[in-house]
1. By count of other Cβ within 10 Å, fewest leading, how are 102, 39 ordered?
2. Arrange the following residues from fewest to most other Cβ atoms within 10 Å of their Cβ: 63, 24, 77, 111.
3. Take each of the peptides 78-91, 173-186, average the number of other beta-carbon atoms within 10 Å over its residues, and list them starting from the highest.
4. Could you state the principal axis extents of the C-alpha atoms in segment 3-183, from the largest down, to the nearest angstrom?
5. On a 0 to 90 degree scale, rounded to 10, what angle separates helix 34-44 from the longest Cα axis of the chain?
6. Could you state the angle between the C-alpha long axis of helix 82-92 and the longest principal axis of the C-alpha atoms of the chain, as a value from 0 to 90 degrees rounded to the nearest 10?
7. Mind ordering 44-57, 152-165 by average Cβ neighbours within 10 Å, highest first?
8. If you line up the long axis of helix 112-123 against the longest principal axis of the chain, both from Cα atoms, how many degrees apart are they, to the nearest 10?
């Protein structure tokens, strides 16, 4: 089994995204929903098992995005913040997975090559991997499976893996990428390129 097929991805798509004024995972970029683009990028990099966490307007998203080849879970407590969605996603990662990527449905500009570069570093034995563009750390972030137990207690409110990673900076490997998409999220209408 290749490394990429034993690494899973969690796509966080549950938040309300009030600053956008529309359902963020459904925001169209070049005619495709943001969430659909993110899933395509992950599959394109060789990740077979993609876990999508929905919450706000989940039924509408399921109607308009083909999620048949994903594991889909609805976080009914999404208003508690991103941490609750990430905890749900982590709980669904297969027990025998090598590790998992944390991705966001509102970050649709990441390149397939970037995801592959992160997976390559993971295959080299890294425990935590994040991409770096123009001295800014971005997403998706990789965590090896043995991070799970330590990660879960650090998830609170709107804070995802940030606390855990800051406690384990010595194990974090940064991959320099020529990809501004790792730091661009579509929070407001003006953030959408090619929409």
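Since every read-out is calculated from the coordinates, none of them should be taken as a lab result. These numbers come from a predicted model, not from an experiment. We place every Cβ from the backbone using ideal geometry, glycine too, and count neighbours over all the protein chains shown.
1. Working: 102 21, 39 25.
Lowest count first: 102, 39.
2. Details: 63 9, 24 28, 77 12, 111 18.
Least to most surrounded, the residues fall as 63, 77, 111, 24.
3. Values: 78-91: 19.6, 173-186: 17.9.
Ranking, from highest mean packing down: 78-91, 173-186.
4. Answer, in whole Å and largest first: 40, 34, 31 Å.
5. 30
6. In the chain, helix 82-92 runs at an angle near 60 degrees to the longest axis.
7. Per-residue mean Cβ counts within 10 Å order the peptides as 44-57, 152-165.
8. Compared with the principal axis, the helix lies near 30 degrees.
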